[in-house]
Amino acid sequence: MIDVCEKLQIDYPIIQGGMGNISNAQLAAAVSEAGGLGTIGCGTMTPDEVEQIILETKQRTKKKFAVNIAVGVSPYTDKMIDLVIKHEVPIVSLSAGNPAPFIPRLLNDNIIVIAVVASVKHAQKAEAAGADLVVAEGFEAAGINSNLELTTFALIPQIVKHVTIPVLAAGGIGDGKGLAAALLLGASGVQIGTRLIATKEAPFHDKYKQNLVNASDTETLIIGRSVDRLRRVLKTPYAMKLKEFDKAGMTLEQYGELTSEIQHVKGAIEGDMENGFLNSGQIAGLIEDIPSVKELLDNMMEEAGNRLEKLTGEFRVGMKRK
């Protein structure tokens, strides 16, 4: 945990996941100001759009923040690399594709590289390519998901066992208990996304936040199985339509049109549940309030510390009894 905080120059081993086209400076800066690592997701936005978010984030915070480039999704990956170098962004995470071709150039400009992976093989390849850290993302996570369907609890210890660089856990984590569990599994920190949606600073539609607060443990579903493009979303009228289309069968082109960032913005920003979807991880069932980002991160750290201290004490007592 200390290594990650020192490496990223943050107070808490908690980083924000990339949120694609609904990324914004307000939330990213709030996460960094609260002691974590705020992140701007490029999604399919243009370089000009992302540049404005970077500049605004710099105005809102002097602390470190990252930019996430979904290399298999963004049509502007090379230009995004140029952009982060131009603005001296200190940390970049690469996801949704092979990060290897882009890592050397980032490292050459002294940019810390985080690779988001979903298997041991991908983690090892990222390390061999020069990544400084990996985010191991389990199938519980929101949005675009790996078709390998490995869960966080199974994935983290296996990746930790097979790489030497720090591992951050993602997928199904949104409170101090989840942070403590990730650390016990060998992770050096966590990446969270869905939990940050339901915070005061997050500039998303109230319907999005309230749907998360009201969500049960079975409130998310996977769409895209028929075209092998998995995405985890909240159950909404539009999501249920997508589920039916999925069952009936559709082309990859049709699926792409129905799950484009336009529909994501309609749901998350405009609150249109009939024509837009809401990304959500399985952690939704644990969300019960809408705190500030600082309250959330402070509470996560305190709860994790208390849990780990309690477990240590109970373990020692158990050893004495033997």
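Read-outs throughout are calculated quantities, based only on the coordinates presented, and are distinct from any laboratory measurement. Quantities reported herein were computed from a predicted structural model and do not represent experimental measurements. Every residue, glycine among them, receives a Cβ derived from its backbone with ideal geometry; neighbour counts consider all protein chains shown.
Couple of notes before you dig in:
- Near Val227, once Lys and Arg are set to +1 and Asp and Glu to -1 for all other residues with Cβ below 14 Å from its Cβ, the sum equals +1.
- Projected area, mean over directions - the chain, Cα convex hull, nm²: 16.1
- From the C-alpha gyration tensor of region 220-279, square roots of 5λ in Å: 18, 11, 9
- A simple packing score, the average count of other Cβ atoms within 10 Å per residue, orders the peptides 70-77, 88-95, 221-228 as 88-95, 70-77, 221-228, with the highest score first.
- Centroid-to-centroid separation of region 172-250 and region 99-149 [C-alpha atoms, Å]: 21
- Summing Lys and Arg as +1 and Asp and Glu as -1 over all other residues whose Cβ lies under 15 Å from the Cβ of Tyr255 gives a net charge of +1.
- Mean separation of Cα pairs under 8 Å and 6 or more residues apart, divided by the residue count, gives region 220-279 a relative contact order of 35 percent.
- FRET efficiency, 1/(1 + (r/R0)^6) with R0 22 Å, evaluated for Gln52 and Lys79 via beta carbons: 0.95
- Reach of Lys62 by Cα under 18 Å, taken over lysines that are not fewer than 8 positions away in the same chain: Lys7, Lys86, Lys294
- Full extension of the chain segment joining Asp217 with Lys161 gains 17.1 nm, where the gain is 0.36 nm per residue of separation less the Cα-Cα distance.
- Here region 1-95 is treated as a sphere whose radius is the Kirkwood value from Cα pairs; by Stokes-Einstein at 20 °C and 1.002 mPa s it diffuses with a coefficient of 166 µm²/s.
- Relative protection proxy for 207-214, 280-287, from highest mean packing down: 280-287, 207-214 (other beta-carbon atoms within 10 angstrom).
- Estimated distance in nm for a label pair at Thr151 and Glu303, the labels positioned 7 Å out from Cα along Cα-to-Cβ: 2.0
- When each of the peptides 148-159, 57-68 is scored by the mean number of other C-beta atoms lying within 10 Å of its residues, the order from highest to lowest reads 57-68, 148-159.
- Under the criterion of Cα pairs below 8 Å and six or more residues apart, the relative contact order for the chain equals 17 percent.
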